[in-house]
Amino acid sequence: TANQMWGGRFAEGPDAIMTAINASIGFDKRLYAQDIAGSRAHAAMLAATGILTNKDAEAIGEGLLTVLSEIETGAFPFRTELEDIHMNVEARLKEIIGEPAGRLHTARSRNDQVAVDFRLWVRDQCDAAIAGLEALIRAFLAQAEAGADWVMPGFTHLQTAQPVTWGHHMMAYVEMLARDRGRFIDARARMNECPLGAAALAGTSFPIDRHMTARALGFDRPTANSLDSVSDRDFALEFLAASSICAMHLSRFAEELVIWSSAQFRFVRLSDRWTTGSSIMPQKKNPDAAELLRAKLGRIMGATVALFTVMKGLALTYSKDMQEDKEQVFDAADTLMLALAAMTGMVSDMTANRDVLAQAAASGFSTATDLADWLVRELGLPFREAHHVTGTLVARAEAKGCDLPDLTLAEMQAVHPGIRADVFDVLGVENSVRSRKSYGGTAPDQVRARIADWKARLG
Ligand code: ARG
């Protein structure tokens with residue numbers, strides 16, 4: 001039989017496979033709360049503008065609350081032949097309140113309806129991402145505070161570069177995650193315009209009040225172009241893009257945790273709560289959560305590419321292609337929230353091995369740059385020559401099988417006669433990090449100042 005919502009011009013019902021490919025109720029039922037909120041705001045506005053009687057609008061508003069509670073208690077009969085959440089809700093409303101239900105769709109289309117539902121949903125996810133990021137930032141801040149002056153090797157090319165502080169490394173992630181948070185805040189502000197009232201694509205001849213529905217649903221204003229309102233999904237793409245960048249940051253720290261928790265590095269110990277054992281090798285403690293966090297960007301990025309591909313080249317306005325937006329965004333959002341929570345747990349529970357970090361910081365000729373800088377500052381050597389002298393000293397130490405501070409003064413003077421005993425002061429890692437007190441540098445005082453800045457900003 002033909003569809004009860006639009007079956008007027010149809011003699012036959014759809015093929016079963018058509019129903020299978022066309023229906024979105026299997027996933028868009030997740031929009032039920034937004035759909036009902038949007039319909040209630042619409043009905044109230046229709047009454048306020050005299051388009052509906054108060055009596056009908058009240059019946060609709062009440063009936064929608066009954067539908068809401070049916071869905072929330074699991075009593076709601078979802079029906080695939082009704083395609084999507086919008087028609088499922090409306091059909092059930094008709095069963096509950098009868099004739100007035102048919103008046104709800106006045107001055108509205110599923111095109112503006114789905115646009116407003118989905119915006120509301122994505123807006124909530126921005127809020128969840130912002131909250132999740134704040135929790136994670138606080139976890140990194142706590143790590144940074146505990147070890148603001150612990151020394152560790154800083155790397156480039158994953159080769160020892162210069163000593164840095166643990167606090168400085170943790171604060172690098174605070175900066176990244178704070179920008180991620182800013183991206184969600186910006187995206188939220190930009191998407192916070194209400195498409196409801198754009199109707200199918202052209203607006204409506206009914207005297208609706210779009211400012212009223214926008215306000216009721218917490219939007220800053222109505223969208224300004226009806227064609228754009230029903231055909232745009234860049235709010236979802238922005239959410240996905242921000243999620244991808246954030247997941248990329250998480251994947252980098254995840255990778256560091258995998259490396260750092262290995263027996264070869266032993267920089268950190270992950271807690272039992274965030275690791276797994278092996279069914280055959282009894283000694284194993286695998287960083288599975290970190291590995292999964294390293295991988296999750298694949299899914300989120302995949303969703304981003306998928307939605308871009310759906311939207312690319314779509315002529316205005318709405319096309320059914322756009323129904324493919326939801327599953328991608330749902331999966332990406334679920335993945336991101338889980339990833340943020342897992343990373344927050346792991347960061348809060350991990351323990352830095354301060355001694356191992358200090359030992360590693362002092363090896364690999366990590367203070368070679370300090371030595372070169374000393375030659376420039378104290379002996380007036382051009383930096384290039386100082387670089388060469390230091391390189392020669394590194395080669396001597398390497399041949400001797402020791403680190404730079406283990407060379408004798410005589411061995412150093414054999415390479416450059418001007419070198420004095422006070423050179424040894426700069427070869428120590430503690431002095432090295434303390435000396436890097438340029439703004440944003442690794443010196444513990446700088447790190448503590450940045451921690452204080454962020455604590456003040458986050459409140
Ligand atoms: N389920 C549809 C979607 O998600 C709702 C909009 C349907 N509009 C239409 N003209 N068929 O996109």
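The values are calculated or read from the model by the stated rules, or taken from the named source; none is laboratory data. Predicted model only: the values in this text are computed from it and were never measured. Cβ coordinates were reconstructed from backbone atoms using ideal geometry, including for glycine residues, and neighbour counts include every protein chain displayed. When the accessible area is computed, the model is the full protein with side chains, heavy atoms only, and any ligands, DNA or RNA have been set aside. Shrake-Rupley method; radii C 1.70, N 1.55, O 1.52, S 1.80 Å.
Tallying residues that are over 24 Å from the mean Cα position of the chain (by Cα) and of a type in the set (A, V, I, L, M, F, W, C) within region 257-273 yields 4. Within region 343-366, is even one residue hydrophobic (A, V, I, L, M, F, W, C), modelled with pLDDT under 95, open to solvent by 40 Å² or more (accessible area, probe 1.4 Å) and away from the ligand (no atom under 16 Å from the Cβ)? The answer is yes; a qualifying residue exists.
Examine region 48-56 for a residue that is more than 16 Å from the ligand (Cβ to nearest atom), of a type outside the set (S, T, N, Q) and over 15 Å from PRO100 (Cβ atoms), and state whether such a residue exists. Within region 48-56 (the criterion being more than 16 Å from the ligand (Cβ to nearest atom), of a type outside the set (S, T, N, Q) and over 15 Å from PRO100 (Cβ atoms)), the answer is yes, since at least one residue qualifies. Residues in region 73-124 that are of a type in the set (S, T, N, Q), within 14 Å of the ligand (Cβ to nearest atom) and not in a helix (DSSP H, G or I): SER109 alone.
The condition of being more than 36 Å from the chain's Cα centre (by Cα) and not polar (S, T, N, Q) holds for only one of PRO100, PRO77, that being PRO100.
Taken over region 290-338, residues that are among the aliphatic types (A, V, I, L, M), within 15 Å of the ligand (Cβ to nearest atom) and buried (at least 20 other Cβ atoms within 10 Å of the Cβ) amount to 3. Residues in region 432-442 that are touching a helix residue (DSSP H, G or I) at 6+ places or on another chain (Cβ under 6 Å) and outside any loop (DSSP other than H, G, I, E, B): SER432 alone. If you go through region 203-258 and pick out every residue that is under 16 Å from GLU193 (Cα atoms), open to solvent by less than 50 Å² (accessible area, probe 1.4 Å) and among the hydrophobic types (A, V, I, L, M, F, W, C), you end up with 8. Just wondering, is there one or more residues in region 134-150 that are assigned to a strand (DSSP E or B), farther than 23 Å from LEU340 by Cβ and either open to solvent by less than 10 Å² (accessible area, probe 1.4 Å) or hydroxyl-bearing (Ser, Thr, Tyr) (or both)? No - not one qualifying residue is present in region 134-150.
Considering region 1-51, the residues that are farther than 29 Å from CYS194 by Cβ and aliphatic (A, V, I, L, M) include one that is surrounded by the most Cβ atoms within 10 Å (Cβ to Cβ), namely ALA2.
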